[in-house]
1. What does the accessible area per residue of region 75-119 come to in Å², with a 1.4 Å probe and no ligands, DNA or RNA counted?
2. Figure the gain on full extension for Gln162 and Leu352 (residue separation times 0.36 nm, minus the Cα-Cα span) and round it to one decimal in nm.
3. Can you tell me the order of 12-24, 40-52 when each peptide is scored by its average per-residue count of other Cβ atoms within 10 angstrom, highest first?
4. Determine the per residue accessible area of region 201-276 with all protein chains present and a 1.4 angstrom probe, expressed in square angstrom.
5. Which of the listed residues, Phe247, Ser68, Ala346, is farthest toward the dipole's positive end in the chain, when Lys, Arg count +1 and Asp, Glu count -1 at the beta-carbon?
6. Among rounded, prolate and oblate, which fits region 1-153 when a ≥ b ≥ c are the square roots of the eigenvalues of its C-alpha gyration tensor, a/c under 1.5 means rounded, and a/b larger than b/c means prolate?
7. Would you work out the relative contact order for region 242-360, in percent, from Cα pairs under 8 angstrom that are 6 or more residues apart?
8. First compute the accessible area of the chain with a 1.4 Å probe, then give the percent of it belonging to carbon and sulfur atoms.
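The values are calculated or read from the model by the stated rules, or taken from the named source; none is laboratory data. As the structure is a prediction and not an experimental result, all values here were calculated from the model. Positions of Cβ are backbone-derived with ideal geometry, glycine not excepted, and every protein chain shown enters the neighbour counts. With ligands, DNA and RNA removed, areas are computed over all heavy atoms of the protein, side chains included. Shrake-Rupley method; radii C 1.70, N 1.55, O 1.52, S 1.80 Å.
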Amino acid sequence: MNTSALHAAERALRAAAPHALADTVRRILRQHYGAGAVDVLLADYGQTVLQPVAAQPGGDGLVPIAGSPAGRAFGAQEPVTEAVAGGVLLHLPVSVRGDRIGVLSAGFPAETGPVDAGTVADLGEIAEMLGHHILVADRDTDLYLRARRRDRLTLAAEIQWQLLPGHSLARPGYALGAQLEPAYDIHGDNFDWSASEDDLTLTVTNGMGQGIDAALLTSLAVSALRNARRAGVPLADQAALADQAVFARYRGESHVSVLLMRFEPATGTVDVVDAGSPRVYRLRDGAVDTVPFEPQMPLGMFEDTPYVVQRFEVRSGDRLLVVSDGVYETASASGERYGEQALARAMLATRLVPPADVPRAVLRELPGYRAVADAEDDALVLCLDWDRAGHPAP
């Protein structure tokens, strides 16, 4: 490990202008490690391509995530070495606490020999530093947000993506991933999460309507739920306060379906408020079933709706899949709903796939399954893997 180079990299990234992170990393890798070409590539909103920072949306330099060495580094979250003319390219995942952002690619000439393990470890550390600094820089520059766009977002999609916490999260004891489609034209579907030492809260929402109206409705509901959660109120009261906020604005003319879940990592106990259409499917011991809840009124339908917490437990090895009605209501030409059999088959087929990759795998099947070519509804998939061993009881 080149401690002095790592310290120099951290100091340089901390001092760099928000838009200059890629140039700073490029200079550090050339100066301290003898790298040649250095690129920073970020995953697009659809999680289908990696795009170089500073490239125009949809421009040159797009690297498909599926089937490319850089894409393998992104998916496996491990360094991947690619042989190229005159040397090698080392691809390193750029991620923050399990949220996969992109890839750092560095070229090394053949005459320097194989890239040693110490250099690979150092560059992995620098890639992680870079991920943290990109997230901070997003507050001050649009550069990295633009580099995540393969196409232009609709205004509704812009609102929705600004609400989202990320695509994935990993902690001792659990890992999760989520995705929305159509990524560049989403309307009312949304997901949110918050993790602490004592709990994990997951929220899946679906605002009624289309376009900007649905996005604004969902934005109000998500903000109200966050406001209540951050005030420390119980789960049922979070739903009640958000219900009041939506009703006060729309007077029952619009509503939001929501599924609130609070997990206790130490026990596996899950408190749930089911107020609408999102559903939970569970893969346990090789079998898929639906986790049933007593349905309650969506947010905003009536004034002062009371909400009641229900409870179930997750076990080590469980996989939960939360899907919106745009997934399970998708119908084939024969009329079979995707949630009836096809979703179970998809969960079994992807049982060995990391949870961050499962949503994309499921959503890829939908266009070929549905009888109507163009989707009229958003589709949301959130996948959670639970490992109680990572959270021993106190």
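1. 44 Å²
2. Stretched out fully, the Gln162 to Leu352 stretch lengthens by 65.3 nm.
3. 40-52, 12-24
4. Per residue, region 201-276 has 36 Å² of solvent-accessible surface.
5. Most positive-ward Cα: Ser68.
6. oblate
7. 27 percent
8. It is 51 percent, rounded to a whole number.
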